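Asker: The structure that follows is given in the form of structure tokens.
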Amino acid sequence: MTANPDDELHVRAPETVSVGLPAVRHALQYARTQMGVTRSAATLLSVNQVKGFDCPGCAWPDPPAGERSHSEFCENGAKAVAWEATRARVDREFFAAHSIAQLRDLSDHELELRGRLTEPMYLAPGATHYTPITWQDALGLTADHLRSMSSPDRAAFYTSGRASNEAAFVYQLLARRLGTNNLPDCSNMCHESSGAALVETIGVGKGVVSREDITDHAELIVIVGQNPGTNHPRMLSALETAKRRGARIVTINPLPEAGMVRFKNPQKVRGILGEGTTLTDRFLPVRLSGDLALFIGVNKALLEREARAPGTVFDHDFIASYCDGFDDVQTGWREVQWSRVEELCGLTRDEIEGFVDDVLAARSVVVCWAMGITQHRNAVATIREIVNFLLLRGNIGRPGTGPSPIRGHSNVQGDRTMGIWEKMPDAFLDRLGDEFGFAPPRPHGLDTVATIRAMRDGDIDVFFALGGNFVAATPDTALTRAAMQRCALSVHVATKLNRSHLHHGREALILPCLGRTERDVQGTRDQFVTVEDSMSMVHASHGRLEPGSSHLRSEVRIVCDLGRALFGDDIDWAAMADDYSIIRSHISRVVDGFEDFERRVARPGGFMLPRGPHGGRIFRTATGKARFTRNAPEAPQVPDGYLLLQTMRSHDQFNTTIYGLDDRYRGIAGGREVVFVNEADLAERGLAEGDVVDVVSTWRGEERRLRALRCVAYPTPRGCAATYFPEANVLVPLDSTALESNTPTSKSLVVRLERSVSTPT
Ligand SMILES: Nc1nc2c(c(=O)[nH]1)N[C@H]1C(S)=C(S)[C@@H](COP(=O)(O)OP(=O)(O)OC[C@H]3O[C@@H](n4cnc5c(=O)[nH]c(N)nc54)[C@H](O)[C@@H]3O)O[C@H]1N2
Ligand SMILES: Nc1nc2c(c(=O)[nH]1)N[C@H]1C(S)=C(S)[C@@H](COP(=O)(O)OP(=O)(O)OC[C@H]3O[C@@H](n4cnc5c(=O)[nH]c(N)nc54)[C@H](O)[C@@H]3O)O[C@H]1N2
Ligand SMILES: [Mo]
């Protein structure tokens, strides 16, 4: 399974069936190469078990405590775990032998493949190599830099969504105690659009759907802009359960993703031997960025059907009692032309009416979505229109209904709940200040895009990252790398070496931390941490493996020790680092829904946070009602000869972590340098499958180029194309962001293809 960089890039027909036996085999082979046989078995058996650790792979919820199988993980979870539990090490000899310039020549895959970081490393101004540094000196240096800034707002504290609740809570406390709300996070590039739209319309920034709503109750499940077969494989088991009791599934996606066509459940013999379950009943191949127009069309069709048979389509009681904005929104749907809807979404009226038939046949509807919706300029409006769609038939606040943004990183939702956000509400800041006896700063801080702008402009001295891979994950790679180099100090708390450690500030630190799988002993006993999944379940995660090196520290300890180096004992930093239950006791008084935290999280499976509308149809919006919003249909203008390009994940990666060079379900092996294009669009350009092209994105007169990608003829709508993130971030303009959420538009770039003059790498 370890990719061989010399492998030839190879393209064959995409698969229609996902998971099943091949997936289990891949997972186990993979685990063995990274961890060896015994360690693999011991490790994989404690993934997502009640007393085990939470899988770092994704945020899909676990089944109830009594119903878990022995393999409550998926191929990709196994890869994520094996990648962390690898026996390979990047130690001081490695850094002595490789200069930064040499390390930059390694691919993302090769960098992380070298293994786990083992001790703190320091890069002096102008130095060519990282050298060892003690923990005390590393934290002292960081504290000195933070103290010498002319304003606390000259620091930025980035978080990637793997940090535990405990680590996230002390981290935001540190930033605010210092005096800044500059807490950019991966969410700014991920589900920010979901939060913005949901807060405005239903008064809560996260989904209100539980796993049981999907498995046991929903009659119609709509999956839009999401590729669960690759990115949330365990969701397929839940969908299979729903299917077996008769639920219908509609998939809306410009690509016919394998997992949604047929699925074999690897945890059941039936799945391995049988034909698998056909998950999708209706597939709508929407144009990129066309979902806003599509849902406007669906709502317009519902309005027309209600006019033909009054009282049979809309839930008038619900609308009258719980919603506002209904009159205005209807005017909008009446005014929009069908031809405009069809043009923007690339689907015919008949296709849309077919979907509406499914909607009318279902008493309860859930809509799930991910990055295919959130990373467009019109993302927030699209999600608002999805909420309109649900409100029309009272599909919220009842079993089997509601909006369900499917989160990415395993604790990204929890990190937000803990205060990792550049604009936390005043009520949270009030309680934080009361609990710790200081005045948290009130002006909003910088999000990810704004942080990059500030770094570029020389306005950030210290960039601190709790996990993640900032320069690879963010847009406009060349600009972002240069921006990072303008910081006086960059600090990365990480488990593995990555690109962001090589495009650094004038001075740089790499601080190696324990991973989710590892035993965490502090004070006199084993500590556990907690996480929140996509469906608001909070539960404990107990690391089991021996740490990758004796010098690793937990994220909590690193943050608390820095707090102590900066502020002394003004806050109980030392006690919190020695005993995480003290952090949880602070959380129970500061964060809504965490009363009696320590006792409730001890229950097998944990506890569920209040989910706003799901309980009593309570909407904490500005008006106290759920809000219909009028959204004008729009999509990016694509000039003649240009295509709209999305940047997405292959089956062999976790964000910027590249496990291997295959994308099995899409038929790609041995390389990532491909661009998927409709065959007719290739032909129109005089191109054929296998030809090598540069992809050039255009934005406000600027051009950005990604060289030497091989064309793959693929069933995606005319005018659409796809390639892989993070390589494609060179094409994403920093200033091209979603309205209202400021999320980079990495799923809708206007590009042209040019035959390459260079040879493929
Ligand atoms: N194995 C694995 N698991 C992961 C991750 C990983 O990298 N690897 N990443 C994690 C993270 S952080 C996240 S956020 C999630 C991401 O999970 P996904 O959102 O599934 O990830 P993407 O690969 O970005 O896929 C986007 C999907 O949306 C479709 N799409 C793109 N544009 C449009 C559009 O305009 N309309 C519609 N209807 N569909 C569109 C694409 O064809 C694709 O199927 O996965 C999480 N889980
Ligand atoms: N073009 C384009 N860009 C995108 C996207 C896209 O679809 N297209 N997706 C966006 C999305 S949805 C997201 S969420 C972001 C992801 O952005 P990030 O979260 O910043 O990136 P990751 O690749 O998840 O981070 C990987 C690194 O995290 C570190 N790490 C792993 N485990 C741990 C741990 O337990 N502790 C610590 N401290 N470090 C750890 C390792 O060193 C590893 O190299 O990227 C975004 N960027
Ligand atoms: Mo994400």
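The values are calculated or read from the model by the stated rules, or taken from the named source; none is laboratory data. Quick caveat: nothing in here was measured; it's all calculated off a predicted structure. Backbone-built Cβ (ideal geometry, glycine too); neighbour counts: all protein chains shown. Just the protein is used for accessible areas: all its heavy atoms, side chains included, with ligands, DNA and RNA removed. Shrake-Rupley method; radii C 1.70, N 1.55, O 1.52, S 1.80 Å.
Asker: Quick test of your reading of the structure: Asp735 fulfils all but one of (1) among the charged types (D, E, K, R); (2) over 30 Å from Tyr659 (Cβ atoms); (3) part of a strand (DSSP E or B). Name the failing condition by number.
Answerer: (3)
Asker: Another question about this same structure. In the stretch 189-213, which residues are hydroxyl-bearing (Ser, Thr, Tyr) and either at pLDDT below 95 or away from ligand 2 (no atom under 16 Å from the Cβ) (or both)?
Answerer: Thr201, Ser210
Asker: Same structure, new question: Name the residue, out of Leu661, Leu682, that is out of contact with any Ser or Thr (no Cβ under 6 Å at 6 or more places or on another chain), in the same structural domain as Val751 (by TED's automatic domain parsing) and open to solvent by less than 30 Å² (accessible area, probe 1.4 Å).
Answerer: None of the others qualify; the one that does is Leu682.
Asker: Next up: What number of residues in the stretch 180-194 are assigned to a helix (DSSP H, G or I) and away from ligand 1 (no atom under 13 Å from the Cβ)?
Answerer: Going through the stretch 180-194 one residue at a time, the tally reaches 0.
Asker: Right, here's the next one. Which one is farthest from Asp434 (Cα to Cα) among residues in the stretch 574-593 that are of a type in the set (A, V, I, L, M, F, W, C) and touching a residue at least 24 places away in the same chain (Cβ under 8 Å)?
Answerer: Ala577
Asker: Let me ask something else. State all residues of the stretch 450-466 that are more than 13 Å from ligand 2 (Cβ to nearest atom) and not in a helix (DSSP H, G or I); if no residue qualifies, say none.
Answerer: Across the stretch 450-466, the qualifying residues are Asp457, Gly458, Asp459, Ile460, Asp461, Val462.
Asker: Inside the stretch 241-254, can you point out the residues that are outside any loop (DSSP other than H, G, I, E, B) and either over 15 Å from Asp62 (Cα atoms) or within 16 Å of ligand 3 (Cβ to nearest atom) (or both)?
Answerer: Ala242, Lys243, Arg244, Arg248, Ile249, Val250, Thr251, Ile252, listed by residue number.
Asker: Another question, then. Would it be correct to say that Arg705 is in contact (Cβ under 8 Å) with a residue 24 or more places away in the chain, of a type in the set (D, E, K, R), farther than 19 Å from Thr480 by Cβ and open to solvent by 20 Å² or more (accessible area, probe 1.4 Å)?
Answerer: no
Asker: Ok, one more. Would you mind stating whether Thr230 is farther than 19 Å from Ile386 by Cα, within 16 Å of ligand 3 (Cβ to nearest atom), of a type in the set (Val, Ile, Thr) and assigned by TED's automatic domain parsing to the domain that holds Ala362?
Answerer: Criteria met by Thr230.
Asker: Let me ask something else about it. Specify which of the listed residues (Gly686, Gly671) is touching a residue at least 40 places away in the same chain (Cβ under 8 Å), more than 16 Å from ligand 3 (Cβ to nearest atom) and under 26 Å from Ala13 (Cα atoms).
Answerer: Gly671
Asker: Does Glu353 satisfy being within 16 Å of ligand 1 (Cβ to nearest atom), open to solvent by 30 Å² or more (accessible area, probe 1.4 Å) and either aliphatic (A, V, I, L, M) or not in a strand (DSSP E or B) (or both)?
Answerer: No; evaluated as a whole, the condition is false for this residue.
Asker: Something else: On the basis of being among the hydrophobic types (A, V, I, L, M, F, W, C), modelled with pLDDT of 95 or more, buried (at least 23 other Cβ atoms within 10 Å of the Cβ) and touching a strand residue (DSSP E or B) at 6+ places or on another chain (Cβ under 8 Å), does Val365 make the cut?
Answerer: yes
Asker: Across the stretch 411-434, what is the number of residues that are in contact with an Asp or Glu (Cβ under 6 Å, 6 or more places away or on another chain) and within 16 Å of ligand 1 (Cβ to nearest atom)?
Answerer: 3
Asker: Going through the stretch 216-236 one residue at a time, which ones are away from ligand 1 (no atom under 16 Å from the Cβ) and open to solvent by 10 Å² or more (accessible area, probe 1.4 Å)?
Answerer: Asp216, His217, Glu219 - these are the residues of the stretch 216-236 that are away from ligand 1 (no atom under 16 Å from the Cβ) and open to solvent by 10 Å² or more (accessible area, probe 1.4 Å).
Asker: Looking at (1) of a type in the set (A, V, I, L, M); (2) touching a Lys or Arg at 6+ places or on another chain (Cβ under 8 Å); (3) within 16 Å of ligand 1 (Cβ to nearest atom); (4) more than 24 Å from Asn231 (Cα to Cα), find the lone condition where Val638 falls short.
Answerer: (2)
Asker: Oh, and also: Can you spot a residue in the stretch 413-427 that is more than 16 Å from ligand 2 (Cβ to nearest atom), among the acidic types (Asp, Glu) and either open to solvent by less than 20 Å² (accessible area, probe 1.4 Å) or more than 15 Å from Ala196 (Cβ to Cβ) (or both)?
Answerer: yes
Asker: Looking only at the stretch 513-548, filter to residues that are more than 29 Å from Lys206 (Cα to Cα) and out of contact with any Lys or Arg (no Cβ under 7 Å at 6 or more places or on another chain); which one of those is surrounded by the most Cβ atoms within 10 Å (Cβ to Cβ)?
Answerer: Within the stretch 513-548, the match that is surrounded by the most Cβ atoms within 10 Å (Cβ to Cβ) is Asp520.
Asker: I need the full set of residues from the stretch 360-373 which are away from ligand 3 (no atom under 16 Å from the Cβ) and closer than 24 Å to Gly229 by Cβ, in order please.
Answerer: Of everything in the stretch 360-373, those that are away from ligand 3 (no atom under 16 Å from the Cβ) and closer than 24 Å to Gly229 by Cβ turn out to be Ala362, Val365, Val366, Val367.
Asker: Let me ask something else. Take the stretch 161-188 and flag every residue that is of a type outside the set (Lys, Arg), within 16 Å of ligand 3 (Cβ to nearest atom) and open to solvent by 10 Å² or more (accessible area, probe 1.4 Å).
Answerer: Listed by number, the list holds a single entry, Cys186.
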